[in-house]
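See structure below.
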Amino acid sequence: MIRKDQTNNVVLTLRERSQLVNPYYLFEFIHKFSDTIRYASFQNQASSNIRYDLLVMLEGVDPDPLDGEIRLIEGEWSYNVYESVLQTLDVSETTGRILQTGLIIVIED
């Protein structure tokens with residue numbers, strides 16, 4: 001679950017499938033009902049932990065998607081996570097491998 005206008009900690013297991021050392025993770029969010037697509041780039045904030053990856057996502061107005069910030073409308077979003085050597089918002093600049101897929105729900109408090 002992602003809360004609007006807040007900093008959200010997202011815990012995933014991406015490193016176990018990654019083929020890169022210290023990659024950037026490109027998230028592709030797809031809204032379930034409007035087909036709106038958003039992209040944001042993140043780096044693991046728990047680099048010393050080998051069991052999980054911690055991504056800090058700021059959901060808010062006027063985001064910088066290259067800095068882990070994004071603006072999402074309320075509702076259900078599916079996501080794909082790609083790995084990349086470079087910080088990017090373009091899937092074609094990643095390895096092309098999807099490390100994880102899933103569903104998140106965005107709510108307003």
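What the table shows:
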{"item": "Neighbours by Cβ (under 6 Å, 6+ apart or cross-chain): first from the range 93-109, assigned to a loop (DSSP other than H, G, I, E, B); second surrounded by 15 or more Cβ atoms within 10 Å (Cβ to Cβ) and of a type in the set (Lys, Arg)", "result": "108/4"}
{"item": "Of residues in the range 1-37 being of a type in the set (Phe, Trp, Tyr) and in contact with a Phe, Trp or Tyr (Cβ under 8 Å, 6 or more places away or on another chain), the one surrounded by the most Cβ atoms within 10 Å (Cβ to Cβ)", "result": "25"}
{"item": "Residue list for the range 69-92, filter: in contact with a Ser or Thr (Cβ under 6 Å, 6 or more places away or on another chain) and acidic (Asp, Glu)", "result": "83"}
{"item": "Residue within the range 37-58 that is touching a Leu at 6+ places or on another chain (Cβ under 6 Å) and not in a strand (DSSP E or B) present", "result": "yes"}
{"item": "Complete set of residues in the range 2-23 that are over 17 Å from residue 100 (Cβ atoms) and not in a loop (DSSP other than H, G, I, E, B)", "result": "3, 6, 7"}
{"item": "Unmet criterion (only one of (1) closer than 16 Å to residue 104 by Cβ; (2) touching a Pro at 6+ places or on another chain (Cβ under 8 Å)) for residue 83", "result": "(1)"}
{"item": "In the range 24-45, residue farthest from residue 103 (Cα to Cα) [restricted to those that are under 15 Å from the mean Cα position of the chain (by Cα) and small (Gly, Ala, Ser)]", "result": "41"}
{"item": "Tabulated pairs, the range 1-19, first free of Cβ contacts under 8 Å to residues at least 40 places away in the same chain, second surrounded by 12 or more Cβ atoms within 10 Å (Cβ to Cβ) and assigned to a loop (DSSP other than H, G, I, E, B), C-beta under 8 angstrom, 6+ apart or interchain", "result": "15/44"}
{"item": "Within the range 90-99, tally of residues that are surrounded by fewer than 16 Cβ atoms within 10 Å (Cβ to Cβ) and either under 18 Å from residue 11 (Cβ atoms) or among the aliphatic types (A, V, I, L, M) (or both)", "result": "2"}
{"item": "Per-region count, the range 48-68, residues crowded, with 19+ Cβ neighbours inside 10 Å and either among the hydrophobic types (A, V, I, L, M, F, W, C) or touching a Ser or Thr at 6+ places or on another chain (Cβ under 6 Å) (or both)", "result": "2"}
{"item": "Scan of the range 37-53 for residues that are at pLDDT 95 or above and either aliphatic (A, V, I, L, M) or over 14 Å from residue 81 (Cβ atoms) (or both), ordered by number", "result": "37, 40"}
{"item": "The range 58-87 residues that are of a type in the set (Asp, Glu), paired with ones that are buried (at least 17 other Cβ atoms within 10 Å of the Cβ) and part of a loop (DSSP other than H, G, I, E, B) (beta carbon under 7 Å, 6 or more apart)", "result": "59/72; 69/63; 83/18; 83/23; 83/94"}
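The values are calculated or read from the model by the stated rules, or taken from the named source; none is laboratory data. Please read all numbers here as calculations on a predicted model, not as lab measurements. Note: ideal-geometry Cβ built from the backbone for every residue, glycine included; neighbour counts use all protein chains shown.
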